[in-house]
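Input: a single structure, listed below in structure tokens.
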Amino acid sequence: MTPTSRILVVGGGNVGMFVALRLQRRLRKELKQGKVGITVADLDSYMTYQSFLPEAGAGNLEPRHVVVSLRKVLTRCKILSGRICDIDLAGRSARFEPPEGPQQVLDYDYLVFCPGSITKTMPIPGLAEHGIGFKTVEEAIHLRNHILGKLDAAASTDDPEVRARALTFVFVGAGFAGVEALAELEDMTADACRYFHGVNRDSMRWMLIEASDRILPEVGMSMGEWAADELRKRGVDVRLNTRIKSVEHDVVVLDDGESFPCETLVWTAGVKANPLVQHLPQGDRGRVSASAELLIDGTDYAFTAGDCAAVPDLTQPGQFCPPNAQHAVRQAARLADNLIATIRGRKLTPYRHKNAGSVASLGLHKGVANIYGLQVRGFPAWFMHRTYHLTRMPTFNRKARILMDWTLALFFRREVVALGALARPREEFEYAIKTEDADRNSRPPANR
């Protein structure tokens with residue numbers, strides 16, 4: 001039996017998962033009776049809690065503990081792993097491409113469009129070949145293995161040029177992602193270098209490059225300045241009003257003419273709406289144009305929220321809600337309730353939320369926070385950061401596992417093993433085949 005209300009959720013991130021979870025709970029009777037059907041389509045079958053990526057990259061948390069399986073929590077929903085290629089608003093259909101097999105057309109009665117954002121890049125020579133992003137759990141794991149691998153390389157050579165190139169780490173972009181990732185990973189290497197012969201904190205070069213005149217603008221001017229000073233005390237070279245000109249041949253060139261060898265460049269200079277928005281009405285900064293009720297402009301059946309949506313900020317007339325997790329989670333709840341109200345013919349409620357402030361981690365036991373105008377720094381801010389994000393982490397299972405990771409870290413040091421070969425799992429087997437072929441070809445022919 002075809003459901004009378006087919007709901008298609010495009011995207012399984014913060015918004016998509018929380019919307020589907022709320023719909024699953026509040027439409028339990030309709031789902032059981034077959035009156036409603038919910039389909040969630042995303043390239044990944046899990047939701048990544050991105051605020052914990054720096055800790056996962058630094059080894060404070062097990063990477064699998066910062067992701068939530070959609071199939072495990074959305075048991076009453078149909079989960080499709082693949083890519084939505086096209087959205088037809090007027091025809092109420094979407095084109096879906098699975099990992100294998102032909103494309104499918106997904107018809108819907110109600111659409112929830114929340115594919116999120118992707119990394120915003122620039123046409124910098126060498127960036128595509130040498131840059132590393134920091135938006136997914138795969139990138140966080142890769143960056144951790146990459147940096148530990150560079151410590152291995154530096155400890156295994158006496159060549160000063162090779163060591164300098166391996167031990168230079170550049171992060172571009174001083175928002176939450178860039179600052180927290182750099183701070184956590186610098187903390188990790190400072191702890192790990194005791195196990196690498198000839199490598200110490202002074203031999204490593206960490207650099208944070210920001211095009212504007214301050215870092216962490218979300219926490220306010222004074223807290224941002226304090227965070228920059230704190231990083232500089234740890235030996236981090238914080239460059240403001242500076243841009244990257246090129247990253248070719250493992251050499252970073254800055255706009256002031258300075259250049260230096262570097263094999264690690266992490267790009268965290270902002271995000272942009274998912275390219276799927278080109279199929280929908282666009283508003284502020286290329287995001288989907290939406291009403292305060294989270295409806296896509298010109299429709300009464302298609303909803304949107306999160307990083308890809310330009311939602312009016314009713315607390316600041318004329319402004320739009322910033323693309324952050326604080327708004328995403330709250331918009332998800334409002335969107336689900338408004339969708340249910342639409343199905344049941346009730347009045348919709350506008351989304352309204354006044355920004356509560358921001359918290360950021362600067363490594364173990366260090367942080368900054370600006371909560372309702374109250375500025376906090378150091379250990380209290382770090383504790384607030386962990387506590388807040390732990391409460392926002394979905395499912396009791398994940399909360400418990402994260403708490404266990406943190407508890408074990410009180411008694412044991414972080415692991416310093418680089419598993420870079422995970423990205424090349426067949427390399428050793430291919431080497432064995434190659435050497436066997438060479439050995440076979442070098443043998444003298446058998447006497448007959």
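The values are calculated or read from the model by the stated rules, or taken from the named source; none is laboratory data. Note that the structure is predicted; figures quoted are calculated from it, not measured. Cβ: placed from backbone, ideal geometry, glycine included. Neighbour counts: every protein chain shown.
List of remarks:
- Residue within the range 253-276 that is farther than 22 Å from Val15 by Cα and polar (S, T, N, Q) present: yes
- Just one of the listed residues (Lys245, Lys233) is of a type outside the set (A, V, I, L, M) and surrounded by fewer than 16 Cβ atoms within 10 Å (Cβ to Cβ), namely Lys233.
- Single residue of the range 394-429 satisfying the filter (of a type in the set (Asp, Glu) and either assigned to a loop (DSSP other than H, G, I, E, B) or at pLDDT 75 or above (or both)) that is surrounded by the most Cβ atoms within 10 Å (Cβ to Cβ): Asp405
- Any pair with Cβ under 7 angstrom, 6 or more apart, that starts in the range 1-29 at a residue that is of a type in the set (Phe, Trp, Tyr) and ends at one that is crowded, with 24+ Cβ neighbours inside 10 Å and in a helix (DSSP H, G or I): Phe18/Ala332
- Residue among Gly363, Gly298, Gly306 that alone is over 21 Å from Arg25 (Cβ atoms) and under 20 Å from the mean Cα position of the chain (by Cα): Gly363
- Single match in Ala128, Ala94, Ala164, Ala153 (criterion: part of a helix (DSSP H, G or I) and in contact (Cβ under 8 Å) with a residue 60 or more places away in the chain): Ala164
- Cys308 satisfies every condition listed in (1) over 26 Å from Met393 (Cβ atoms); (2) touching a Pro at 6+ places or on another chain (Cβ under 7 Å) except (1).
- Of Thr349, Thr391, all but one fail to be part of a helix (DSSP H, G or I) and either assigned by TED's automatic domain parsing to the domain that holds Thr304 or over 18 Å from the mean Cα position of the chain (by Cα) (or both); the exception is Thr391.
- Within the range 337-346, the set of residues being under 15 Å from Val36 (Cβ atoms) and in a loop (DSSP other than H, G, I, E, B) comprises Arg344, Gly345.
- Filter pass, Arg346 being in contact (Cβ under 8 Å) with a residue 12 or more places away in the chain and of a type in the set (D, E, K, R): no
- Here Gly378 does not fit the description of being outside the structural domain of Met47 (by TED's automatic domain parsing) and either loosely packed, with under 12 Cβ neighbours inside 10 Å or among the acidic types (Asp, Glu) (or both).
- Scan of the range 242-289 for residues that are without any contact (Cβ under 8 Å) to a residue 24 or more places away in the chain and within 14 Å of Val172 (Cα to Cα), ordered by number: Val253, Asp255
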